[in-house]
Amino acid sequence: MAIMELPESVEMTTTTSGIENLNSNLNHSVRRRRGSNGFEAVSAIDRSDANTSEDRRDVCGSGAGWETVNERSKSVGESSDVIRKEEDRNDNVANGEESKSTETTTTPFKFAYRASAPAHRRIKESPLSSDAIFKQSHAGLFNLCVVVLIAVNSRLIIENLMKYGLLIRAGFWFSSKSLRDWPLLMCCLSLQILPLAAFLVEKLSLQRRLTERAVVTLHITITTVAILYPVLVILGCDSAFLSGVILMLVACIVWMKLVSYAHTNHDMRQLAKSMDKDETSDGDYSYDVSFKSLTYFMVAPTLCYQLSYPRTPCIRKGWVARQFIKLVIFTGLMGFIIEQYINPIVQNSQHPLKGNLLYAIERVLKLSVPNLYVWLCMFYCFFHLWLNILAELLCFGDREFYKDWWNAKTIDEYWRMWNMPVHKWMVRHIYFPCLRNGIPKGVAILIAFLVSAVFHELCIAVPCRLFKWWAFSGIMFQVPLVILTNFLQNKFQSSMVGNMMFWCFFCILGQPMCVLLYYHDVMNRKSSAH
């Protein structure tokens, strides 16, 4: 049985009378009979109708939209393809995709969507069902979330200004009290002597003037001084908290760079010695101790030392200027949120472990939103803006400073993606050396978390001048969370469960709790000191 597909919409460039003539010709030329499937299929057209196909092409332009079948020997499979095409076109017509109004005139919809045509032909899922939710575009919902976020935060800003007024003062950025932090500045500048000492040690070792034991001892001494010296300076001076945090971050970075420098050179020495002892080796392996490479490494946005790095050909000055403007804007936004929102909430709170439980939960949840904003601004300012600016100025090519940690399904994935310089350093100088020395994988991961916890505690406890081990405990608490989120991920096989666990434990509950704990402990220490 021959099948002819009915047209959906045909753009006409003739007058209305032309359309009526065309419709009458179609009614006379097409003979229909109802099939068993409920469709009105076209049975055949005679030769006279075939002769008028050229006229139809002339009327309709190029004949687009008209698909005729002149042979009676078409198979049923071909007819199903035609019906499927008709279904897609009918869906488009129903959705309004092919009903755009133009200057040209279209044929009536009675040729496009018949009342007897089935409206349900396929198995389809709802757009928000679990099987189809990730196959749909959610741009509209994202825009809605942005609008709601702006509206809610605008209300919070107005409410905060009405309650507290503008808390930002003229001395927010610079103050005469900042002069008391000059010992910290001098300490930060004097730390740059330690890389020079490490270079001299490696140079003497290359000239075979020092034994391997002496080289290791001197490097341990240099790296220990890189940490203890800033700690003693901060504890001995009445400096501001922010200045102490910055100095401790610089000290930790210098320490990690010096460890990488010493470890890498030690490995290259061992490799050179093994190549010298291998009589069958035809290659000549040697390494160089270059002060230029060390200087570049100390300022480059990386913690892993190597003799050369991938480099970009030029510096984009306009790009650097735009990124620097963004850095200033987001740094100011971060300071505004801290002064205007976080400080009043914290000052009006009680110690979370000594007061009413429900009141403490309410304070933590209220603090979680501005704390999350500050943390995201900090990440964007440091890992994206500052490190990219530094990399551009130094033509540093590898700029994978972070991965898509916001999609982390487990706590383990988050720690492997959010801070790539530290992650690469941990893998290179902590994790794999432990494995090579026969330490089990689980113990090696625990050692890596232990090192991270110690440095988190130093960066917070030393500027606060108290050691309550809250930051250390918070990092070590990540170990059971890693086990828990990995278990949930393997059980449910869903990225949503682990991702929600990550956001809940890390950003909503963990950080605000640490802020409250350290604030009240610092206030109690100051009150007891007076």
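Tell me the per residue accessible area of segment 402-529 using a 1.4 Å probe; a whole number in Å² is fine.
Details: 6410 Å² over 128 residues.
Per-residue accessible area for segment 402-529 comes out at 50 Å².
List, in the order given, every pair from Lys403/Lys424; Lys203/Lys273; Lys366/Lys403; Lys203/Lys292; Lys135/Lys366; Lys409/Lys491 whose Cα-Cα distance in the structure shown is over 23 Å.
On the way: Lys403/Lys424 12 Å; Lys203/Lys273 16 Å; Lys366/Lys403 29 Å; Lys203/Lys292 13 Å; Lys135/Lys366 35 Å; Lys409/Lys491 13 Å.
Table pairs above 23 Å Cα-Cα are Lys366/Lys403; Lys135/Lys366.
Phe396's amide H: which non-local residues (gap 5+, or another chain) put their own amide H closer than 5 Å, with H modeled 1.01 Å from N in plane and none for Pro or chain starts?
The list, which skips near neighbours in sequence, is Thr312.
7 Å from Cα along Cα→Cβ at both Ser116 and Leu166: what's the point-to-point distance in nm?
Distance between label points: 7.6 nm.
Which ³J(HN,Hα) values, rounded to whole Hz and listed in residue order, are derived for segment 426-442 from phi using the Karplus coefficients 6.51, -1.76 and 1.60 in 6.51 cos²θ - 1.76 cosθ + 1.60 with θ = phi - 60°, glycine and proline given as x?
4, 5, 6, 10, 10, 5, 5, x, 5, 5, 5, 8, x, 7, x, 4, x
Starting from the Cα gyration tensor of segment 402-529, take the square roots of the eigenvalues, sort them a ≥ b ≥ c, and report rounded, prolate or oblate (rounded when a/c is under 1.5, otherwise prolate if a/b is larger than b/c, else oblate).
On the way: a/c = 2.32, a/b = 1.38, b/c = 1.68.
Oblate, since a/c reaches 1.5 and b/c is not below a/b.
Order Arg122, Arg208, Arg465, Arg428 by their accessible area, 1.4 angstrom probe, all chains in place, largest first. Please list the in-between numbers first.
Details: Arg122 120, Arg208 185, Arg465 60, Arg428 85 Å².
Descending order: Arg208, Arg122, Arg428, Arg465.
Apply the Karplus curve 6.51 cos²θ - 1.76 cosθ + 1.60, θ = phi - 60°, to the phi angles in segment 216-225 and return the couplings in whole Hz, x for Gly and Pro.
5, 5, 5, 5, 4, 5, 5, 5, 5, 4
Taking every pair of alpha-carbon atoms in segment 330-476, what share in percent sits in each 10 Å bin, from 0 to the bin with the longest distance?
Values per bin, smallest distances first: 9, 26, 37, 21, 6, 0.
Please say if segment 430-505 is rounded, prolate or oblate, where rounded means a/c under 1.5 for a ≥ b ≥ c the square roots of the C-alpha gyration tensor eigenvalues, and otherwise the choice is prolate for a/b larger than b/c and oblate otherwise?
Details: a/c = 3.38, a/b = 1.25, b/c = 2.70.
Oblate, because a/c is 1.5 or more while a/b does not exceed b/c.
Could you give each residue of segment 194-205 its phi-based ³J(HN,Hα) in whole Hz, using Karplus coefficients 6.51, -1.76, 1.60 with θ = phi - 60°, and x for Gly or Pro?
Running phi through 6.51 cos²θ - 1.76 cosθ + 1.60 with θ = phi - 60° gives 5, x, 5, 5, 5, 5, 5, 4, 5, 5, 5, 5 Hz.
Give me the percent of accessible area attributable to carbon and sulfur for segment 402-529, probe 1.4 angstrom.
On the way: 4460 of 6410 Å².
Reported share for carbon and sulfur atoms: 70 percent.
At a 1.4 Å probe radius, which order do Ile158, Ile168 fall into by accessible area, largest first? Walk me through the intermediate numbers first.
Details: Ile158 100, Ile168 45 Å².
Ranked list, largest accessible area first: Ile158, Ile168.
The values are calculated or read from the model by the stated rules, or taken from the named source; none is laboratory data. In this text the structure is predicted, and so the values were computed from the model without any measurement. Please note: Cβ atoms are built from the backbone with ideal geometry, for glycine as well, and neighbour counts cover all protein chains shown. Side chains included, ligands, DNA and RNA excluded: accessible areas come from the protein's heavy atoms. Shrake-Rupley method; radii C 1.70, N 1.55, O 1.52, S 1.80 Å.
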